Structures are given as C-alpha cells and as structure tokens.
Ligand SMILES: NC(=O)c1ccc[n+]([C@@H]2O[C@H](COP(=O)([O-])OP(=O)(O)OC[C@H]3O[C@@H](n4cnc5c(N)ncnc54)[C@H](O)[C@@H]3O)[C@@H](O)[C@H]2O)c1
C-alpha cells in the first residue's frame, strides 16, 4: 500500500469515527437467557426480547406446541418469523408449560446451548374463555385448576428447572396485572391467578435470593395482545386513558424497556418487587379525570 493510500485510509477512518453516533450501552452483552411466552409480534415477551437482543443478549425461545397433525404449524411459524432474522436468537423449541417432559427437554437444551444462563422471562397466562367470561364465583373447578396451573404453577416449575443453571446475579421476571391486587371486574378468575402469581413471585424471590438470583414481576397496563384481548383489554384501554395520571396508555416498547431493565444488571438491587408500568394507574384512589366525564353526564 502506498503512503498516499495509507493516509487516505486513515483520513476515512477518522471521518467515520467522527460521524458515527455514540454506541449505546449494551446492557446484555455476554448475557444469555430463556424467553417463554412469545406468540406473535404483539406479545409482551417479544417486546422485552427485542430490547435484550438490541442490547447484545443471546436468547433461546419457546413456542406453544402445534398439534402434530396441523400441517401449517402456525404457532411455530408465527414465532420463527420473528426469531429467524435475529442473530442473538439461538433456538426456538416447543414447550407446553403444563408438561414436565417439555420443561425438562427445554432446560436440557438451554444448558447444552448456553451452559449457564443470566435471565429467565415467564410471560404466559391461560384461562378458558368461558371461565374468564363468568362471574368469579361461577368459575368451573376444572377451569380454575387449568388457569392456576398454566398461569401460576408454570412460574414455579420453570424457576425450579432454571435454578441449577442460573448464574449468581441472574434475574427471573414474570408478567402480572393490577387485577391481582384489587378487584377489576371482568378480569375474574385471572385476577385470582395474578394474586397467586404475585405471592409466588415473592416466595421465589426468597428461595432464589439464597442463590444470588432475583425474582420480580412487571405489572403492565392494558396492551393489545392475544391474551390481552381475551381478558378484556379494549374496554380497559379507554378507562386507563381517562384515569391514569399520565392520561394515556403505555406502549409495547415501554413495557419492553422496563422488562429488560428488570432482567438486567441495572436492577441488581431489586427483588420481590412488582414494577407497575401502567402510566401511574395503580396510584389512583379515585376515578381521577374520569370524574369530570361522570359529572358532565349526570348534570
Ligand atoms: N396484554 C396485557 O394487557 C397484559 C397486561 C398485564 C399482564 N399481562 C400478562 O402478560 C403475559 C403475556 O401475555 P401477552 O399479553 O403478551 O399475550 P400473548 O397471548 O402474546 O402471550 C401469552 C403467552 O402465553 C403462552 N401460553 C399460554 N399457555 C401456555 C402453556 N400452557 N405453555 C406455554 N405457553 C403458554 C401463549 O403461547 C402466549 O405466548 C401474561 O401473563 C399476561 O397475563 C398482559
């Protein structure tokens, strides 16, 4: 290379350094973990995973198993469309959280791929539509068991499975809703599940604290997703707009960033916590600005 060529190269390198935007802090560089609960691009788990991937993390993903005779394999295809283009997405495997063999297989694969992991996201809930639509007292016995097993026991099961391969300093996160703290009519049996999930999170925070691992819950305001729609999100969106101190609903991205925060070292002193990402709705003790509407209508 001639002296002139070398000088030109040095000049170009200097130029590009000056114009390059400052590199974002990569919170998840060198971190690995498992994301449970992506159904499609609207899923809260995907919003959180996107943040982690953007910040250099490596993720394994699970999807709800498809029926063997379903040629289209829709559950897998919907998630694969999202994960395939991502360099940091290391694997995508089926897992029914109510099946112990599935859980065992997933965590064996996770250990084979990553060795130890630093984060675990549990972002799943399920209740039969009929039960969700009933007054809470009329929840069926079988529906109650199914909702509790899918939405609550699953957190215990995956945390126990992750425990032997979690690095000290690691973090477990579950997704909850305010309907577990207070009665939110319409949320019904899922509210009972979320109360049990919140309590489970606190007990797990104690158990895992002895291993140097944190456990927290993120309580999201209403977000349009598959599960959200089944739990009555549309009505809630309007109510939050009027009642939340911020006067608006939260976005997928906001929930994604806060979820990633709780799974990262940036929250290293936080455990046993419910972080509300709901525009402040949970802080209200009255209908707030909705009162003005009520006054107008009763005039
Ligand atoms: N959308 C909201 O407004 C909102 C608000 C607060 C909390 N949450 C909670 O967030 C979590 C994620 O829900 P979402 O809103 O992203 O909806 P979503 O439908 O995108 O995600 C729910 C996930 O649960 C999975 N799932 C259900 N049963 C399962 C099982 N047996 N095994 C494995 N996976 C199973 C589904 O496959 C799906 O991926 C849920 O716990 C939900 O209650 C949602």
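Residues that are more than 14 Å from the ligand (Cβ to nearest atom), outside any helix (DSSP H, G or I) and surrounded by fewer than 17 Cβ atoms within 10 Å (Cβ to Cβ) within region 142-200 comprise 168, 169, 183, 185, listed in sequence order. Do you know which residues across region 87-109 are assigned to a helix (DSSP H, G or I) and surrounded by 14 or more Cβ atoms within 10 Å (Cβ to Cβ)? The answer is 102, 103, 105, 106, 107, 109. Comparison of 248, 224, 211 shows that the only residue that is near the ligand (Cβ under 9 Å from one of its atoms) and touching a residue at least 12 places away in the same chain (Cβ under 8 Å) is 224.
Considering (1) closer than 19 Å to residue 171 by Cα; (2) in a helix (DSSP H, G or I), the lone condition that residue 112 does not fulfil carries the number (1).
Is one or more of the residues making up region 55-74 part of a helix (DSSP H, G or I), away from the ligand (no atom under 12 Å from the Cβ) and touching a residue at least 12 places away in the same chain (Cβ under 8 Å)? Looking through region 55-74, none of the residues is part of a helix (DSSP H, G or I), away from the ligand (no atom under 12 Å from the Cβ) and touching a residue at least 12 places away in the same chain (Cβ under 8 Å).
From 258, 219, grab the single residue that is part of a strand (DSSP E or B), within 30 Å of residue 55 (Cα to Cα) and either out of contact with any helix residue (DSSP H, G or I) (no Cβ under 6 Å at 6 or more places or on another chain) or within 12 Å of the ligand (Cβ to nearest atom) (or both). Result of the check over 258, 219: 219.
For first residues located in region 122-134 and without any contact (Cβ under 8 Å) to a residue 24 or more places away in the chain, partners that are more than 9 Å from the ligand (Cβ to nearest atom) and part of a helix (DSSP H, G or I) and lie 6+ apart or on another chain with Cβ distances below 6 Å form the pairs 128/143. Does residue 203 satisfy being buried (at least 16 other Cβ atoms within 10 Å of the Cβ) and out of contact with any strand residue (DSSP E or B) (no Cβ under 7 Å at 6 or more places or on another chain)? Criteria not met by residue 203. Scanning region 29-46 for residues that are more than 8 Å from the ligand (Cβ to nearest atom) and either part of a helix (DSSP H, G or I) or touching a strand residue (DSSP E or B) at 6+ places or on another chain (Cβ under 8 Å) (or both) gives 31, 32, 33, 34, 35.
A short reminder: the numbers here are calculations on the coordinates, not readings from a lab. These numbers were taken from a predicted model, which means no experiment stands behind them. Don't worry about glycine lacking a Cβ; one is built from the backbone with ideal geometry, like all the others, and counts go over all protein chains shown.
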